[in-house]
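Taking it in order: structure first as structure tokens, then the write-up.
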Amino acid sequence: MSDIAIRAEGLSKRYNLGTRERYRTLRDSLTDTFTAPFRRFRGRRVPHIQADETFWALKDVSFQVKRGEVIGFIGRNGAGKSTLLKILSRITEPTEGQARIHGRIASLLEVGTGFHPELTGRDNIYLNGAILGMKKAEIQRKFDEIVAFAEVDKFIDTPVKHYSSGMYVRLAFAVAAHLTVELLFIDEVLAVGDADFQKKCLGKMSQTTRAGRTVLFVSHNMTAMRGLCDRVIWLENGRLVRDGEPGDIIGQYLANSSAAASDRTWHEEETQKNRCGYLRRARLHVEGEDHIDTNTTLNFEFEYVNKVGGTILNFSLHLYNIEGVCIFNSVSPAQPAPVGILRGRCVVSGGFLNDGQYRIRIMVVKDTSVILFDEDEALVFAVHDAPRDLDWYGKWTGIVRPVFPWTMSAVHEEMPTGVAGVTSTY
């Protein structure tokens, strides 16, 4: 038996913009076969589709997946990740190329994929198992475990059309993850659940990968990608950009995605607010790093052209998260500024910010009270999750993520009466 579970060769998918894809029936195929010679004889041609009326969601993607490998797919929204999984799951057909797949597939690409809304949760578990080729006895052995994982035992005999989106996705993931299949395809659907559910799902996926099943995983959670995947494939604009070791590929991807917002310059007419001066440059400088993560030291640098000598000036830096919450406001020392370029620098140590999207608001203040200049989005940047030593890949809670000193030690004293102890070694 070959050790190759999936072989994709030149996969491409084209969509016609503004039109709905029409599914072909057997009658359509037979009709085309018999009428093709007459169309050629009459010189009739299929209407030409203009290039600007088509969109290639995938273009010439080729790769192989060995049995038992866990492959992660990363890329911006619209890069083609979900389209690729739909092709591999036989939900849609490729325009060009082919994929050879060996083994039974369980797919979780959208909330409640494959569920019938009129059937109960119990019926849908058996229906999905039957579709995957499972025997009834095999489904029954897993049934209680599936229901317990999904936490829908009180509603298992209720039609799923009455389920909330959270209940839907919990049951859908439980079915896909617990039934015995060789290949498991999972899209970013895990983002629908709450934090506790995501933690449970990631733990189950970790068990699944250690059990030797072949898994294809699409996610924007780079920590989970590093911890779970053997390889990572980076897609961009429907094309395969890189394929390799998770740390290398993720590092290149993050560096590429965050580079554009790290340095901004302005002309005088763009930021001149009064006769006193204008902001010329804002820069986020990172020494010796190719991307920003939670361990990275951030150097914020600003250049302000001062036109009035002797004025008492200082910078005021405000850091906001994506929800608009001000994380902090840091102020430089106020001092007399000569005519010319005034440079300010603020350093934020690594191990302080949590992962997420941030923006910098910079002010130039006169006499510690009069705002001469105010640029609300001087810089916009992202902080990504750094590799963790913990076996937990979910979102770390909190606005900031400071690193505080901790100590752990064993206390050698008698256990309280009635408490059983277990001998262990640190």
By my count, strands (runs of 3 or more DSSP E) wholly in segment 327-426 with at least 2 residues that are at pLDDT 85 or above and either open to solvent by less than 70 Å² (accessible area, probe 1.4 Å) or of a type in the set (Phe, Trp, Tyr) (or both) are 340-348, 356-366, 370-383
Within segment 1-24, considering residues that are open to solvent by less than 70 Å² (accessible area, probe 1.4 Å) and among the polar types (S, T, N, Q), the one modelled with the lowest pLDDT: Ser2
Quick one: Lys307 ticks every box in (1) among the basic types (Lys, Arg); (2) touching a residue at least 40 places away in the same chain (Cβ under 8 Å); (3) surrounded by fewer than 17 Cβ atoms within 10 Å (Cβ to Cβ) bar one, so which box is it? (2)
Do the conditions hold for Ser82, that is, is it touching a residue at least 40 places away in the same chain (Cβ under 8 Å), open to solvent by 30 Å² or more (accessible area, probe 1.4 Å) and of a type outside the set (A, V, I, L, M)? yes
Out of the residues in segment 261-294 meeting the condition of being in a loop (DSSP other than H, G, I, E, B) and modelled with pLDDT of 85 or more, tell me which one is farthest from Gly351 (Cα to Cα). Cys276
Within segment 228-246, identify whether any single residue is assigned to a strand (DSSP E or B), farther than 28 Å from Thr120 by Cα and small (Gly, Ala, Ser), and answer yes or no. yes
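Might you check whether a residue that is more than 23 Å from Gly212 (Cα to Cα), acidic (Asp, Glu) and surrounded by fewer than 22 Cβ atoms within 10 Å (Cβ to Cβ) occurs anywhere in segment 154-161? If you could, list the steps in order and put the result at the bottom.
First, the residues of segment 154-161 that are more than 23 Å from Gly212 (Cα to Cα): 154-161.
Filter once more, so that each one left must be acidic (Asp, Glu): 157.
Now drop any that are not surrounded by fewer than 22 Cβ atoms within 10 Å (Cβ to Cβ), which leaves 157.
Yes, segment 154-161 contains at least one residue that is more than 23 Å from Gly212 (Cα to Cα), acidic (Asp, Glu) and surrounded by fewer than 22 Cβ atoms within 10 Å (Cβ to Cβ).
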Strands (runs of 3 or more DSSP E) within segment 68-158 that include 1 or more residues among the hydroxyl-bearing types (Ser, Thr, Tyr) and more than 20 Å from Glu9 (Cβ to Cβ): 105-108
Every listed condition ((1) without any contact (Cβ under 8 Å) to a residue 24 or more places away in the chain; (2) open to solvent by 60 Å² or more (accessible area, probe 1.4 Å)) holds for Arg122 save (1)
Of everything in segment 53-79 that's open to solvent by 50 Å² or more (accessible area, probe 1.4 Å) and of a type outside the set (D, E, K, R), which residue is farthest from Leu183 (Cα to Cα)? Phe55
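The values are calculated or read from the model by the stated rules, or taken from the named source; none is laboratory data. Keep in mind that this is a model prediction, so the values were computed, not measured. Quick reminder, even Gly has a Cβ in these numbers, built from the backbone with ideal geometry, and neighbours come from all protein chains shown. The accessibility values were calculated without ligands, DNA or RNA, using every heavy atom of the protein model including side chains. Shrake-Rupley method; radii C 1.70, N 1.55, O 1.52, S 1.80 Å.
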